Amino acid sequence: MVGSAEEIAEVAGLLEVDLTAAPLTCMCPGDVSFTVRGERGAVLGVLTHHAGGGLDWSRWSGQLPLLRLGELTAWLTERDVVVPNPRQ
């Protein structure tokens, strides 16, 4: 869970995707979900990260590639959210 404003800003910057890329369809549930909430706590959306892949959101037609995949993976690994995959 991300709590401080600094952590939120840091991870938000790592979730940037290539909006010009063709979406990839994947049948897996994903590896990490990010719930985005508004000021009053209402859920604005849920973004799902697919390790080694992209980011999925219900308003897109599939996953879009992350622009900072390696940095996001390192960020998640440092916080013990994911275990590094030696094959990636």
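To keep it simple, each residue is scored yes or no on (1) among the aromatic types (Phe, Trp, Tyr); (2) at pLDDT below 90; (3) under 23 Å from GLU7 (Cβ atoms).
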{"position": "PHE34", "(1), (2), (3)": "yes, no, yes"}
{"position": "HIS50", "(1), (2), (3)": "no, yes, yes"}
{"position": "GLY54", "(1), (2), (3)": "no, no, yes"}
{"position": "LEU67", "(1), (2), (3)": "no, no, yes"}
{"position": "GLY70", "(1), (2), (3)": "no, no, yes"}
Open item on the list: Considering only residues that are acidic (Asp, Glu) and under 9 Å from the mean Cα position of the chain (by Cα), which ones fall in the stretch 32-58?
Closed with: ASP56
Open item on the list: When you scan the stretch 8-22, do you find a residue that is under 10 Å from the mean Cα position of the chain (by Cα), among the acidic types (Asp, Glu) and either over 17 Å from THR77 (Cβ atoms) or modelled with pLDDT of 90 or more (or both), even just one?
Closed with: yes
- [ ] Find all pairs meeting these conditions: Cβ atoms under 8 angstrom apart; at least six residues apart or on different chains; first residue within the stretch 9-36 and in contact (Cβ under 8 Å) with a residue 24 or more places away in the chain and within 12 Å of GLY54 (Cα to Cα); second residue part of a loop (DSSP other than H, G, I, E, B) and of a type in the set (Lys, Arg).
- [x] LEU14/ARG68; GLU16/ARG68
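The values are calculated or read from the model by the stated rules, or taken from the named source; none is laboratory data. The shown structure was predicted, so the numbers you read here are calculated from the model rather than taken from an experiment. Every residue, glycine among them, receives a Cβ derived from its backbone with ideal geometry; neighbour counts consider all protein chains shown.
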